[in-house]
Amino acid sequence: MSDTLHARSADGTRIGASRAGKGPPLLVVHGIAADAGRFKGSAPPRLDEHFEVFAMDRRGRGASEDAAAYVFSREAEDLHAMLEAVAHATGRDRVCVLGHSFGGLVCLDALPETTRIGKLVVYEPYAPEVPAPEPSAVTKSYAALAERGDRDALVTSFLRDIVRMPSSDVDRLRAHGSFAARLAAAHTIPREMAAAETYRFEPSRAASNTVPIRMLLGGESPPFLREATFRLHASLPESEVHELPGQQHIAMDTAPALFLEALRSFLD
């Protein structure tokens, strides 16, 4: 089974998610410079062989519409709408969710206002310890690249200089079938970086959380991602940190079997 599920967000924006596979439903939320193709179809680690995967396009790419102005809180509203749609489509009261990177931050932001999440896996979400008062100079330079339409330079610099991927991992993503979609969504990178840099994580909103959370962390990931993961973990009741030995930010590509086992051992 493979089709697209749509939901209407609170501001009227239409959000889409591809639907494929058999098994318990799993809603997947991709990160910056990506789209639903990151986790759907033939992409490793073949989640659709174990779950009914709903791979969501966040607003501004793929099967999802955009709005005239970008507001980060709309991302949580999009996720709420898609959770309702998945629950209705599958007949489940609760749905397991996987959020990668910025998608993980969206999931954590949405968590306090929904009862639809059964279990949550987030892979290296980033929120600053102290929110920046305004976007960084780097983010502003990326906005200039987007204005000039230099999509390849924008995506490559983001992966190499912000996420700090080694060249081998950047090359691996270039060879991935979803790289063209990364280029198409390049204009969303500056706005989402700005959202992450200025985001304030409020521990008080998470204090009453009862949803089991597994926080995936690459054993070789950059210090800023490791620090953020453990800091967020300390503020999230019912959370645990699960390290992926020898990996960084894209273990779904570099060690798909290890990544899948980390999901299944928690979600099954």
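Summary of values
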{"read-out": "Read-out volume of the Cα convex hull per residue in Å³, derived from the coordinates shown; its label in (1) 211; (2) 138; (3) 115", "value": "(3)"}
{"read-out": "Local net charge near Phe230, Cβ-Cβ under 15 Å (Lys/Arg +1, Asp/Glu -1)", "value": "-2"}
{"read-out": "Structure-based [θ]222 nm, the chain - -39500 (n - 2.57) summed over DSSP H runs of at least 4, per residue, nearest 500", "value": "-11000 deg cm²/dmol"}
{"read-out": "Pairwise FRET efficiency - Asp93 versus Ser167, Cβ, R0 = 51 Å, nearest 0.05", "value": "0.65"}
{"read-out": "Rg(Cα)/(2.2 N^0.38 Å) for region 1-108, N = residue count", "value": "0.96"}
{"read-out": "Partners for Lys119 among lysines (Cα-Cα distance below 27 Å; same-chain residues under 8 apart left out)", "value": "Lys22, Lys40"}
{"read-out": "Approximate spin-label separation Glu202-Asp152, in nm, with each point projected 7 Å along Cα-to-Cβ", "value": "4.5"}
{"read-out": "Two-site label geometry, Arg8 and Lys22: point separation in nm, points 7 Å out along Cα→Cβ", "value": "3.4"}
{"read-out": "Full-extension gain in nm, Asp66 to Glu113, via 0.36 nm per residue minus C-alpha separation", "value": "14.7 nm"}
{"read-out": "Surface/4 of the Cα convex hull for region 154-210, nm²", "value": "5.8"}
{"read-out": "Cleavage-rule hits, trypsin sites (Lys or Arg not before Pro), region 189-223, DSSP coil, Cβ neighbours within 10 Å at most 10", "value": "Arg200"}
{"read-out": "Net charge contributed by nearby residues that have their C-beta within less than 13 Å of Glu220 (K/R +1, D/E -1)", "value": "-1"}
{"read-out": "Relative contact order of region 23-123, defined on C-alpha pairs under 8 angstrom at six or more residues apart (%)", "value": "31"}
{"read-out": "Low-density loop positions, GluC sites (Glu not before Pro), region 103-190 - DSSP coil, at most 12 other Cβ in 10 Å", "value": "Glu129"}
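Here, each number is a calculation from the coordinates, and none is a lab measurement. Since the structure is predicted, the reported quantities are computational estimates derived from the model, not experimental observations. No Cβ is skipped: glycine too gets one built from the backbone with ideal geometry, and neighbour counts run over all protein chains shown.
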